[in-house]
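See below for the structure under consideration.
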Amino acid sequence: MTLVTTGELLATQRAVLAFNVIQLEHGEAILEGARRAGRGVILQVSENAAVYHGGLGPIGVAALELAREGSVRAAVHLDHAEDEALVDQAVALGFTSVMFDAATLPDDENRARTAAVAASAQAQGVWVEAELGAIGGKGGAHTPGVRTDVGDAVAFVAATGVDGLAVAVGSSHAMTSRSASLDFDLIAELAAAVPVPLVLHGSSGVSDADLVRAVECGMRKINISTHINGVFTRAVRAALDADPAVVDPRKYLGPAREAVAAEVARLLTLVR
């Protein structure tokens, strides 16, 4: 059995990459890339992906089964859940890691609800991530330019008891260019002060060199989604352009799966 918690991966790897699973081929590609790199990995299912599939069950169970049958250690993580009921469902399904995102709420409510989620999930052996500071790319409270205050981060972890903290340090969700400018001094300050692993969201917009530097400064969990979606989509487009008569989805999803596996392996080898 190779399904583990995010905490178990972080205990043995300086940094762990987390890739979002939108469909079965994503999960297969991520695990194949991890096998090639010889590294543990996190399969993430977001609240948005659950909505797309009409519920968490189908895609969540698929991700869990892939992780259990895979040859590398893998955690299955619920990403950006804003609904406690969805967190409860993920825990019941067997997810080993969850992120409860109450960052859009007033601070007191964010802390209270996050603390309640953390206590409940941790009692069942599940690793819990939360967010403090607006991480760009999602609108609303997620405003580009916002940075997490070090003192606020320390107090938030103490008040909530979470296992990992996503912080705002200059990255932005859904970037299609790798041109984000990270605040490395802030990452180092946060890593020195905050007693739990730091999580970098919006890492698709971060260059290879800056991903390496972010880890060196103290980032422990690196979330990547849009970047591998771009790799997947370009491979599908190339396969369809090469053979406009193709109707079997395996003829274009297969090359896309392979392209993502190769990129996941490259990124995992890059960030050690």
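We did not get these values from a lab; they are worked out from the coordinates using the rules stated. Computed from a predicted model, the values in this text were never measured in an experiment. Backbone-built Cβ (ideal geometry, glycine too); neighbour counts: all protein chains shown.
For the reader, a short list of remarks on this structure follows.
- Each of Ala121, Leu43, His53 was scored by the projection of its Cα onto the charge dipole of the chain, and the greatest displacement toward the positive side belongs to Leu43; charges sit on the C-beta of Lys, Arg, Asp and Glu.
- Using alpha-carbon coordinates, inclination of helix 226-242 to the longest axis of the chain, degrees: 10 degrees
- Rounded to 10°, Cα long-axis angle of helix 250-270 versus longest principal axis of the chain: 40 degrees
- Extension gain, Glu216 to Glu69: 0.36 nm times the residue separation minus the Cα-Cα distance gives 49.7 nm.
- Relative intensity of the chain on a log10 scale, I(q)/I(0) at q = 0.10, 0.15 Å⁻¹, equals -0.47, -1.08, per a Debye sum over C-alpha point scatterers of equal strength in the absence of solvent.
- Modelled this way, with points 7 Å down the Cα-to-C-beta line, the labels at Ala123 and Ala193 are 3.2 nm from one another.
- For the stretch 210-272, the spread of Cα positions along each principal axis, largest first, Å: 50, 16, 15
- Sorted ascending by nearby beta carbons within 10 Å, beginning with the fewest, Lys251, Lys221 become Lys251, Lys221.
- Label-point separation, Arg272 to Glu109 (7 Å along Cα→Cβ), nm: 4.7 nm
- Spin-label pair Thr2/Asp248, simplified geometry with 7 Å Cα→Cβ offset, distance in nm: 2.7 nm
- Listed residue (Val167, Val196, Leu10) projecting farthest to the positive dipole end of the chain, Cβ model: Leu10
- Placing unit charges on the Cβ atoms only, positive for Lys and Arg and negative for Asp and Glu, gives the stretch 42-137 a dipole magnitude near 380 debye about its Cα centre.
- What you get for the chain, charging only the Cβ of Lys and Arg (+1) and of Asp and Glu (-1), is a dipole of about 900 debye around the Cα centre.
- Relative to the longest principal axis of the Cα atoms of the chain, the long axis of helix 24-37 makes an angle of roughly 80 degrees.
- Length gained on full extension, Asp208 to Val146: 20.0 nm, using 0.36 nm per residue less the C-alpha separation.
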